[in-house]
Amino acid sequence: MKIRILDSADAEIYRELRLKSLKENPEAFLTTYEIEKDKPIEQLQRNLIASDNRFTLGAFINSELIGIVTFVRESNSKISHKGNVYAMYVSPEFREKGIGKSLIQELVIKAKQFDGLEQINLTIISNNDAAKRLYETAGFVTYGTEQNALKTGYQYWDEDLMVLRLL
């Protein structure tokens, strides 16, 4: 397995895996398949350009993209000591093989290089025990729960708020 920062040239394979994630686990993400499928490829290309406040990692096996995760640092000066994990996903056939753990470990290593970054936050559907265990093994701790954080139709999902303190 190889993990690297994705760039605009990866937009097509990223889109394919991202749409798969939204179909398979719609409750786990803020956006929806319907919204993402219609986004222009140029927008994805721009979003995949790493900068001094964001990057997206991809995990590959034999040149197949099998896992993704995005880090975004807060841009407001009063909260720029914080960053967030978004869009974490590993294809089901590759789960339980340490790929998610490797993605998060690499994200933390790269995020620590941002000067002044003190903590990394994420939210997770409260009943997603496997993902919660993954984040806990990387050092994240739960500091709260938002009830009814997400809603689709009449279905609500609670989200746990997790943080990894870097200091």
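The values are calculated or read from the model by the stated rules, or taken from the named source; none is laboratory data. Values in this document were obtained by computation on a predicted structure and should not be read as measured data. No Cβ is skipped: glycine too gets one built from the backbone with ideal geometry, and neighbour counts run over all protein chains shown. Only protein heavy atoms, including side chains, enter the accessible area calculation; ligands, DNA and RNA are left aside. Shrake-Rupley method; radii C 1.70, N 1.55, O 1.52, S 1.80 Å.
Think of each Lys and Arg Cβ as +1 and each Asp and Glu Cβ as -1; about the Cα centre, that makes the dipole of region 128-167 roughly 100 debye. The magnitude of the dipole of the chain, with charges of +1 and -1 set on the Cβ of Lys/Arg and Asp/Glu and taken from the Cα centre, is near 320 debye. Only DSSP H runs of four or more residues enter the estimate; each adds -39500 (n - 2.57), and after division by the residues of the chain the mean residue ellipticity at 222 nm equals -8500 deg cm²/dmol.
Taken as Cα centroids, region 28-101 and region 122-167 sit 17 Å apart, rounded to the nearest whole angstrom. When the Cα gyration tensor is reduced to axis lengths a ≥ b ≥ c, the ratio a/c is 1.5 or higher for region 81-161, and with a/b not above b/c it is classed as oblate. Answer rounded, prolate or oblate for region 1-80, using the Cα gyration tensor with square roots of eigenvalues a ≥ b ≥ c: rounded when a/c is under 1.5, else prolate when a/b is larger than b/c, else oblate. Oblate shape, in that a/c is at least 1.5 and b/c is the bigger or equal ratio.
Taking every alpha-carbon pair under 8 Å whose residues sit at least 6 apart, the chain reaches a relative contact order of 19 percent.
Mean-square fluctuations from a GNM of the chain, with a 10 angstrom spring cutoff on Cα atoms, peak among N47, N62, N84 at N62. Multiplying each eigenvalue of the alpha-carbon gyration tensor of region 37-113 by 5 and taking the square root yields semi-axes of 23, 18, 10 Å, largest first, rounded to whole angstroms.
Just reorder L103, L161 by solvent-accessible area, largest first, 1.4 Å probe, all chains present.
Largest to smallest exposure gives the sequence L161, L103.
For the pairs K20/K110; K97/K132; K82/K112; K2/K39, note any where the Cα-Cα span goes beyond 19 Å.
Pairs exceeding 19 Å: K20/K110; K2/K39.
The residues neighbouring S63, those whose beta-carbon lies less than 12 Å from its own, together hold a net charge of 0 under the Lys/Arg +1, Asp/Glu -1 convention.
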